[in-house]
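J.: My questions all concern the structure below.
Read the figures in this text as sums done on the coordinates, not as results from a lab. All figures in this text were calculated on a predicted structure; none of them were measured in a lab. Heads up, the Cβs are rebuilt from the backbone with ideal geometry, glycines too, and the neighbour counts pull from every protein chain shown.
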Amino acid sequence: MTQSGETTRRAEIVRELTGPGGEFALRTIEVRGIELPVYDAAPGSLREVFALGDRWGDRPAITYEDEQYTWAELTRAVAACAAALHHGFGVGKGDRVAIAMRNYPEWIIAFTAAASIGAICVPLNSWWSGEELGHVLADCAAKVLIADRERTESILPRRADLPALQYVVEVRPGTATRGDVAWTALLDHDCPEFDPASVPLDPDDDVTILYTSGTTGSPKGAVASHRAHLTNLVNVRVHGVVEARMAEWRGEQPVKPPARPVTLIPGPLFHVSYLPKVIGAAVTGAQLVLMYKWNAARAVELIERERVDGLIAVPTVMRQLLDEIERRATVPPSLRTLSTGGAQSTAALIDRIRTEVPTAVGTGYGMTETCGPMVMIGSRDYFGRPLSVGRPLPASQVRVVTADGREAATNEVGEAWFRGASLARGYWNRSGDAFTDDGWLKTGDLVKRDSEGFLSIVDRIKDIVIRGGENVYCTEVEEALSGHPAIEESAVFGIPHELWGEEVAAVVRVRPGRAVTAAELREYAGNRLARFKVPTTIALQTGPLPRNAAGKVLKRELRRIHPKETGTPT
């Protein structure tokens, strides 16, 4: 069976599904002045999707450690929160409701309620300092903040600088409430009945402001509509159907979706990898299993106890999960799918999943500004191309543009540009930036596309080391270093050099119980890379690399603290 034959059959399946009369038929309409493909049968708002939760009754909806909400309980809590926001706080269409807390069930309730009454939800990074939280709350002019004790304490000293912030609702305050009202009091408040459907919603109404993780500067708020999130939801569903049909065509046993999906959420709900899980849970009646904080041993306990069938995790978390499964010498039998995302994986990690945990696996490529993946790849293709991030989804438009503005040739490096109905409309309180007038988002990522249409991320435009006029792509060097059996993870970046302009530096994390020297790693990399790409200095450490909440390495911090080369891990 040739690769070209597979590509042809896949294209036929996509045409059948998205053509006239297809299950996921596409049509072209004008969205904010730009002609874009949209799904005919997509819901009109997040509220319509959330309302589907009513039919799941006493099935589990949210598990948080040892707490559990059924779908019926979740529905009642959302209704009470929506009424309180509307009647008690006067939240109307377009008002900003910010959420800042750990992955508590209250996060999901608040988000669902606010989106259902036409508010614009602003999920905030719970790792931010009080100063950072204050900056973003001022930027979006939030009317209500729903926050846990730690975030409430950090923002109250800055309250005077937030004139738009009228109410602070404190979740799980402990013995004393520091905000204006405790969450439990909010839900218990005797409000008149309120029907969220009385607030008219349009697919192109704004529903979220998602602030970028800010690895290279201050966060920017990407403003997205109901249509944007729902396009992403349908895109991912189509991908699953296409993968299943391709497996049947090959004569393989397709991975059938479980009758009752149970998904572990190992990362923050405010991140674009996990927010779609919240939005889409009501469609299938999925159970979302939340954690107080990431811990691999606890994760495996929850997977076994709740019979979790799937999860998505950044590569670092995935490696820790695999380590714990290996330590226990048993794979949880309920696990059916593992997905990586949020950062570039390595070939070694994907091979490890293939050999150690025989489940379906996949990944995708998107950004905060795209509300989810624009391209995706499934098991068979992923195992054969572990450094690829996939092919465009049906409603995604992708260009690869060279520095001189032309379309890149096959396997030529260029910047990824995205366009589609799943994109944010721009940044809050900002003009221009990465969005073009005709709707394209310049990602800042360097990619290349092979002859079958698969994209691979080469690097960030700003993450290239230019050594003596030669481009060194950091991800290529990281991939080479990460193949060494003693290396857990690596980060490569440029540091100033008087003669060459920049030189290549690396910080690597050594796996527990393994030993390696910087000289050995340079020799290892030198057997796989051109000489000018081999790091001049390699610092070894046993602790984790600094990362933001999205799991991306903070290279600006590494540049600042980069030590002289060390022969033993610190």
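J.: Please compute the modelled spin-label separation between Asp404 and Asp58, points set 7 Å along Cα→Cβ, answer in nm with one decimal.
T.: Using points 7 Å along Cα→Cβ, the separation is 7.0 nm.
J.: For Lys448, list the lysines whose Cα falls under 20 Å from its own Cα; do not include residues on the same chain fewer than 8 positions away.
T.: Answer for Lys448, where 20 Å is the Cα cut-off: Lys462, Lys533, listed by chain and number.
J.: According to the square roots a ≥ b ≥ c of the eigenvalues of the Cα gyration tensor, what is the shape class of the range 361-446, taking rounded for a/c under 1.5, prolate for a/b larger than b/c otherwise, and oblate for the remainder? Show your work: numbers first, answer last.
T.: Values: a/c = 2.44, a/b = 1.42, b/c = 1.73.
Cα axes put the range 361-446 in the oblate bin.
J.: Based on Cβ point charges of +1 for Lys and Arg and -1 for Asp and Glu, what charge dipole magnitude is obtained for the range 468-561 about its Cα centre, in debye rounded to the nearest 20?
T.: Its charge dipole is roughly 300 debye.
J.: Compute the separation of the alpha-carbon centres of the range 356-396 and the range 111-189 and state it in Å as a whole number.
T.: 35
J.: Given the rule -39500 (n - 2.57) for each run of at least 4 DSSP H residues, summed and divided by the residues of the chain, what is its mean residue ellipticity at 222 nm, to the nearest 500 deg cm²/dmol?
T.: Details: 16 runs with 172 residues, N = 570.
Roughly -9000 deg cm²/dmol at 222 nm, from the helical runs in the chain.
J.: Over all pairs of distinct alpha carbons, what does the Kirkwood formula give as the hydrodynamic radius of the range 46-224, in Å?
T.: On the way: mean 1/r = 0.0604 Å⁻¹.
Here the Kirkwood hydrodynamic radius works out to 16.5 Å.
J.: What is the dipole size for the chain, taken about its Cα centre, with +1 at each Lys and Arg Cβ and -1 at each Asp and Glu Cβ, in debye to the nearest 20?
T.: The calculated dipole for the chain is roughly 840 debye.
J.: Moving on to the next point. Under 10 Å from the Cβ of His497, count the other residues' Cβ atoms, weight Lys and Arg +1, Asp and Glu -1, and hand me the total.
T.: -2
J.: Taking a cut-off of 19 Å between Cα atoms, list the aspartates and glutamates near Lys555, but don't count ones fewer than 8 places away on the same chain.
T.: Those aspartates and glutamates meeting the cut-off are Asp445, Asp459, Asp463, Glu476, Glu478, Glu479, Glu488, Glu489, Glu502, Glu503, Glu565.
J.: Taking neighbour Cβ counts within 10 Å as the exposure measure, how do Leu46, Leu423 sort from fewest upward?
T.: Listing Leu46, Leu423 from fewest to most nearby Cβ atoms yields Leu46, Leu423.
J.: Magnitude of the Cβ-charge dipole of the range 216-303, K/R +1 and D/E -1, about the Cα centre, nearest 20 debye?
T.: 180
J.: While we're on this one: So what's the gap between the Cα centers of the range 244-318 and the range 57-98, to the nearest angstrom?
T.: Using only Cα atoms to place each centre, the spacing works out to 22 Å.
J.: Next question, about the same structure. Give me the compactness ratio for the chain, meaning the Cα radius of gyration over 2.2 N^0.38 Å.
T.: 0.97
J.: Using per-residue counts of other Cβ atoms within 10 Å, averaged over each peptide, order 347-356, 15-24, 299-308 from highest down.
T.: 299-308, 347-356, 15-24
J.: When we measure straight from the Cα of Lys293, which lysines land under 21 angstrom away, once same-chain ones fewer than 8 places off are left out?
T.: The qualifying lysines are Lys277, Lys552.
J.: If you count the DSSP beta bridges with both ends in the chain, what percent of them are antiparallel, to the nearest 5? Kindly include the intermediate steps, with their values, before the conclusion.
T.: On the way: 58 of 96 bridges.
Taking every DSSP beta bridge within the chain, about 60 percent pair in antiparallel fashion.
J.: Once you order the gyration tensor axes a ≥ b ≥ c over the Cα atoms, which shape class does the range 468-561 get: rounded for a/c under 1.5, otherwise prolate or oblate by comparing a/b with b/c? Intermediate results must be reported in sequence, preceding the final value.
T.: Values: a/c = 1.79, a/b = 1.18, b/c = 1.52.
Oblate.
J.: Just grab the label-to-label distance for Ile495 and Arg159, each label 7 Å out from Cα along the Cβ direction, in nm (one decimal).
T.: Label-label distance for Ile495 and Arg159, simple model: 4.7 nm.
J.: Okay, next question. Among Trp107, Ala506, Ala416, whose Cα projects farthest towards the positive end of the dipole of the chain, with charges put on the beta-carbon of Lys, Arg (+1) and Asp, Glu (-1)?
T.: Toward the positive end, the furthest listed residue is Ala506.
J.: Among Thr263, Ala286, Leu52, flag the residue with its Cα farthest along the positive direction of the charge dipole of the chain, charges on Cβ as +1 for Lys/Arg and -1 for Asp/Glu.
T.: Selected residue: Thr263.
J.: Give me the percent of DSSP beta bridges within the range 468-561 that run antiparallel, rounded to the nearest 5.
T.: Counting DSSP beta bridges with both partners in the range 468-561, the antiparallel share is about 70 percent.
J.: For the range 410-501, rounded, prolate or oblate, judged on the Cα gyration tensor with a ≥ b ≥ c (square roots of eigenvalues), a/c < 1.5 rounded, else prolate if a/b > b/c?
T.: Prolate, since a/c reaches 1.5 and a/b exceeds b/c.
J.: State the answer as a single residue: which of Gly134, Phe454, Val122 lies farthest towards the positive end of the charge dipole of the chain, with beta carbon charges of +1 for Lys and Arg and -1 for Asp and Glu, about the Cα centre.
T.: It is Phe454, whose Cα lies furthest towards the positive end.
J.: Just to be sure I follow: if Rg is taken over the C-alpha atoms of the range 320-388 and Rh is the Kirkwood radius over the same atoms, what is Rg/Rh?
T.: Rg/Rh for the range 320-388 comes to 1.00.
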